[in-house]
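Colleague: Supplied in structure tokens, the structure appears directly below.
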Amino acid sequence: MSAVNLPSNYLPILVFFFIALAFGVVTILMGYLVRPKRPYLEKLHAYESGILPDTDARMQFPFRYYLIAMLFVLFDIEMVFLYPWAVSFNKLGLFGLIEMVLFLLILFVGYFYAWRKGALEWD
Amino acid sequence: MAAQLLFFYFGGVTIAGAIVAVTSRNIVYSALSLLVAFIHIAGIYVLLNAEFIAAVQILVYAGAILVLYLFVLMLFNPSEEKLYLHKQAKVGIFLGVVVLFMMLFAGYKTEIIGKGGPLTAQAVKEMGHTRVIGNALFTDYLFPFEVASLILLVAMFGAIVLAGRGVHRKKGPAGRIDLSYRDKLPKKSSETPEEVIVGR
């Protein structure tokens, strides 16, 4: 790996990455060093708007969330195909537009199926 | 030199995140350390000039796949998780070693592809990774691209059929949920103004 190949236009992202990392680390570390440590039972409880929590937060979620997560994954993957299409759209022209419309039409069949089946309803 | 330092940073944190993901007692911590590993793998992809793969790594793995993992963990009954976790260490180590050697063998045997034609490393350097992939995907590989939409469609149907089976609900016109039962219900007493005042 030579330094010539290093993609230099990603340098600002790298700088932001390390600033974000340092912000979290420094905040937690400074709080740990500066704050007084006088723990008692109520203080160590999970914060639940000021009242003592009576159940574990790790309860079983309704199964309908799974469907929402799955649909999110599928439309996210659809977006992955839109991204290179948008980048090279100028070169592809009308032909590219037609094929992307075809791609989206096929996926809209699934979207309307989900709609008709009530998968997007939440009552 | 800077490239080596960055590679060792991203690779080291990826390995550390993966180790925490398989050894942590709390499965939510496992999922979150997997997120750290995924993001640092994206950094390795950027170092390899594979910018599109890095973006997909962030969008799909760190976004969608991890959301799916977290949802599955939350749908999991937390009292049952101790029955399944940390009981397969020997099988896991065996399979990990086997897969590692398979990958090393594949990497040793594979010749570098993309020496000629429009998809060379030179083209990636000149036009950018995403543009090269876009030009190839929407011209030469058009048919697999359209087939991919059908595969996504089948996955969507499957998710709706599987996850929607347990929900028996009355459907009104156009597949909407029938809410007409609300009109038949007796009026709530709290709607009268006296009750509201008492409620306060």
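Colleague: When you go through A:Met70, A:Met30, A:Met79 one by one, which is the residue that is more than 25 Å from B:Val60 (Cα to Cα), free of Cβ contacts under 8 Å to residues at least 12 places away in the same chain and not hydroxyl-bearing (Ser, Thr, Tyr)?
Modeller: Going through A:Met70, A:Met30, A:Met79 in turn, the sole match is A:Met30.
Colleague: With the structure loaded, tell me whether A:Leu67 is within 22 Å of the chain's Cα centre (by Cα) and of a type in the set (A, V, I, L, M) or whether it fails that test.
Modeller: yes
Colleague: Being outside any helix (DSSP H, G or I) and open to solvent by 20 Å² or more (accessible area, probe 1.4 Å) is the filter; apply it to region B:47-74 and report the residue that is farthest from the other protein chains (Cβ to nearest Cβ).
Modeller: Among them, the one singled out is B:Leu48.
Colleague: Residue check, A:Pro12 against (1) within 30 Å of B:Phe10 (Cβ to Cβ); (2) open to solvent by 100 Å² or more (accessible area, probe 1.4 Å), all met but one. Which one?
Modeller: In the conditions (1) within 30 Å of B:Phe10 (Cβ to Cβ); (2) open to solvent by 100 Å² or more (accessible area, probe 1.4 Å), A:Pro12 misses (2) alone.
Colleague: Name the residues in region B:21-44 that are in contact with a helix residue (DSSP H, G or I) (Cβ under 8 Å, 6 or more places away or on another chain), under 25 Å from B:Ala55 (Cβ atoms) and not small (Gly, Ala, Ser), would you?
Modeller: B:Leu34, B:Leu35, B:Val36, B:Phe38, B:Ile39, B:His40, B:Ile41, B:Ile44
Colleague: May I pose another question? For the list (1) at pLDDT below 80; (2) more than 10 Å from every other protein chain (Cβ to nearest Cβ); (3) surrounded by 14 or more Cβ atoms within 10 Å (Cβ to Cβ), I need the number of the one condition that B:Ile44 fails.
Modeller: (1)
Colleague: Given the structure, is B:Ala106 within 7 Å of chain A (Cβ to nearest Cβ) and modelled with pLDDT of 75 or more?
Modeller: no
Colleague: Looking at region A:44-102 only, could you name the residues that are more than 10 Å from chain B (Cβ to nearest Cβ) and over 25 Å from B:Phe145 (Cα atoms)?
Modeller: Answer for region A:44-102, where residues must be more than 10 Å from chain B (Cβ to nearest Cβ) and over 25 Å from B:Phe145 (Cα atoms): A:Leu44, A:His45, A:Ala46, A:Tyr47, A:Glu48, A:Ser49, A:Gly50, A:Ile51, A:Leu52, A:Pro53, A:Asp54, A:Thr55.
Colleague: Checking A:Ala114 against (1) open to solvent by 40 Å² or more (accessible area, probe 1.4 Å); (2) within 7 Å of chain B (Cβ to nearest Cβ), which single condition isn't satisfied?
Modeller: Status for A:Ala114: all satisfied but (1).
Colleague: How many residues are outside any loop (DSSP other than H, G, I, E, B) and among the aliphatic types (A, V, I, L, M) if we restrict to region A:46-76?
Modeller: 7
Colleague: Would you pick out the residues in region B:1-41 that are away from chain A (no Cβ under 13 Å), part of a helix (DSSP H, G or I), more than 16 Å from the chain's Cα centre (by Cα) and polar (S, T, N, Q)?
Modeller: Residues satisfying the conditions are B:Thr14, B:Thr23.
The values are calculated or read from the model by the stated rules, or taken from the named source; none is laboratory data. Source: prediction; values computed, not measured. Every residue, glycine as well, gets a Cβ built from its backbone with ideal geometry; the counts of neighbours run over all protein chains shown. What goes into the accessible areas is simple: the full protein's heavy atoms, side chains included, and nothing from ligands, DNA or RNA. Shrake-Rupley method; radii C 1.70, N 1.55, O 1.52, S 1.80 Å.
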